[in-house]
């Protein structure tokens, strides 16, 4: 990870400074969703998003200053991941927060931004994409999202994400 890819720079721990933005943190806290139990409406949204995209795994996540909290996770055995959260450093979510835009990785093992990331092997991440609407998708194998996910399914993903705002 290099500081040059994050417009707001880096914190002393090497993660994007945007993770500590007080306005962003206030917005995350205002949802009231951190540290809450799974809820069927969120699980339904994640399942719909996975079905629309054909991805193996789909998450609805919130990222605070230090961690990525999974409000919903489809296609993941919670027992294998140590719970419904992981440290920000071990999550690709900090890329999205730091960049402030969609983040797509088509081959996590080869992409220079992620190939040394600590989550690639244990989470079996082959490909990863997340949009700004809290939804993220993970595949075990390489996948070229730009052609088949982000363009073809962008309207459905956006509608699903917008509907999620009605849930909270």
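Kindly indicate whether any position in segment 129-139 is out of contact with any strand residue (DSSP E or B) (no Cβ under 6 Å at 6 or more places or on another chain) and at pLDDT 80 or above.
no
With 8, 32, 83 as the choices, which residue is part of a loop (DSSP other than H, G, I, E, B), at positive phi and either in contact (Cβ under 8 Å) with a residue 40 or more places away in the chain or in contact with a strand residue (DSSP E or B) (Cβ under 8 Å, 6 or more places away or on another chain) (or both)? Can you show your working first?
Details: 8 fails: at positive phi; 83 fails: either in contact (Cβ under 8 Å) with a residue 40 or more places away in the chain or in contact with a strand residue (DSSP E or B) (Cβ under 8 Å, 6 or more places away or on another chain) (or both).
Answer to the selection: 32.
Give 19, 15, 62 a once-over and let me know the one that is under 17 Å from residue 138 (Cα atoms) and at pLDDT 90 or above. First the steps, then the outcome.
Working: 19 fails: under 17 Å from residue 138 (Cα atoms); 15 fails: under 17 Å from residue 138 (Cα atoms).
From the options 19, 15, 62, the qualifying one is 62.
Mind listing whichever residues of segment 89-122 are surrounded by fewer than 21 Cβ atoms within 10 Å (Cβ to Cβ), modelled with pLDDT of 90 or more and not in a loop (DSSP other than H, G, I, E, B)?
89, 90
Restricted to segment 29-48, and to residues that are under 21 Å from residue 94 (Cα atoms) and surrounded by 15 or more Cβ atoms within 10 Å (Cβ to Cβ), which residue is modelled with the lowest pLDDT?
The residue in question is 46.
Looking at 58, 51, which one is buried (at least 16 other Cβ atoms within 10 Å of the Cβ) and either over 24 Å from residue 116 (Cα atoms) or in contact (Cβ under 8 Å) with a residue 60 or more places away in the chain (or both)?
Details: 51 fails: buried (at least 16 other Cβ atoms within 10 Å of the Cβ).
Sole residue among the options that is buried (at least 16 other Cβ atoms within 10 Å of the Cβ) and either over 24 Å from residue 116 (Cα atoms) or in contact (Cβ under 8 Å) with a residue 60 or more places away in the chain (or both): 58.
The values are calculated or read from the model by the stated rules, or taken from the named source; none is laboratory data. These numbers come from a predicted model, not from an experiment. Every residue, glycine among them, receives a Cβ derived from its backbone with ideal geometry; neighbour counts consider all protein chains shown.
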